[in-house]
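These notes are about the structure you will find just below.
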Amino acid sequence: MEQTIFHKILSREVPAAVMYEDDEVLAFKDIHPKAPTHLLFIPKRFAASIAELTPDTEDLPGMLILKAKAFAASKGIIGYKLTFHVGKEGGQEVPYLHLHFLAQKEI
Ligand code: AMP
């Protein structure tokens, strides 16, 4: 399987501004932010996209959402947008499941 840029960020082969990490996720700043705070939450367990979830990976979107919720609460961010792009036609450029987290509050 081809390594995506997010695999390389996870392995620290490519640098990123990491804002949160635990056993299950890494969250880092989007390199082309579309809001004052624009992070990407990726699971450490690989899935390519929502469309390609299997029984082994179908827990990942909910897990990412709960991590983003907890992160927001920890930073006092009370309003934000959460988005998954699904497939090329859905605007997904990087074939590694990721949750966009956008907030007007800058952290
Ligand atoms: P998507 O269109 O949902 O696949 O989103 C991919 C996102 O990854 C885009 O918003 C890009 O700006 C972002 N991105 C691509 N390369 C990097 C990188 N090296 N570090 C941080 N964000 C990146």
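The values are calculated or read from the model by the stated rules, or taken from the named source; none is laboratory data. These numbers come from a predicted model, not from an experiment. Every residue, glycine among them, receives a Cβ derived from its backbone with ideal geometry; neighbour counts consider all protein chains shown. Side chains included, ligands, DNA and RNA excluded: accessible areas come from the protein's heavy atoms. Shrake-Rupley method; radii C 1.70, N 1.55, O 1.52, S 1.80 Å.
Non-local lysine pairs in region 30-107, meaning eight or more places apart or on different chains, with alpha-carbon distances under 13 Å, amount to 7. Express in whole angstrom the spacing between the alpha-carbon centres of region 70-107 and region 41-61. Each part reduced to its Cα centre gives a spacing of 15 Å.
Normalised per residue, the accessible area of the chain is 60 Å², obtained with a 1.4 Å probe and no contribution from ligands, DNA or RNA. Along the axis of the charge dipole computed for the chain (Cβ charges of +1 for Lys and Arg, -1 for Asp and Glu, origin at the Cα centre), the listed residues 103, 5, 49 are led at the positive end by 103.
Note down the magnitude of the dipole of the chain about its Cα centre, charges +1 on Lys and Arg C-beta and -1 on Asp and Glu C-beta and zero elsewhere, to the nearest 20 debye.
Numbers: 12 positive and 14 negative charges, 99 e Å.
Dipole size: approximately 480 debye.
Extension gain, residue 48-residue 23: 0.36 nm per intervening residue step, less the Cα-Cα distance, totals 7.1 nm. Surface composition of region 20-107: carbon and sulfur atoms hold 55% of the protein heavy-atom accessible area at a 1.4 Å probe.
When the alpha carbon coordinates of the chain are projected onto the principal axes, the ranges are 37, 30, 28 Å, largest first.
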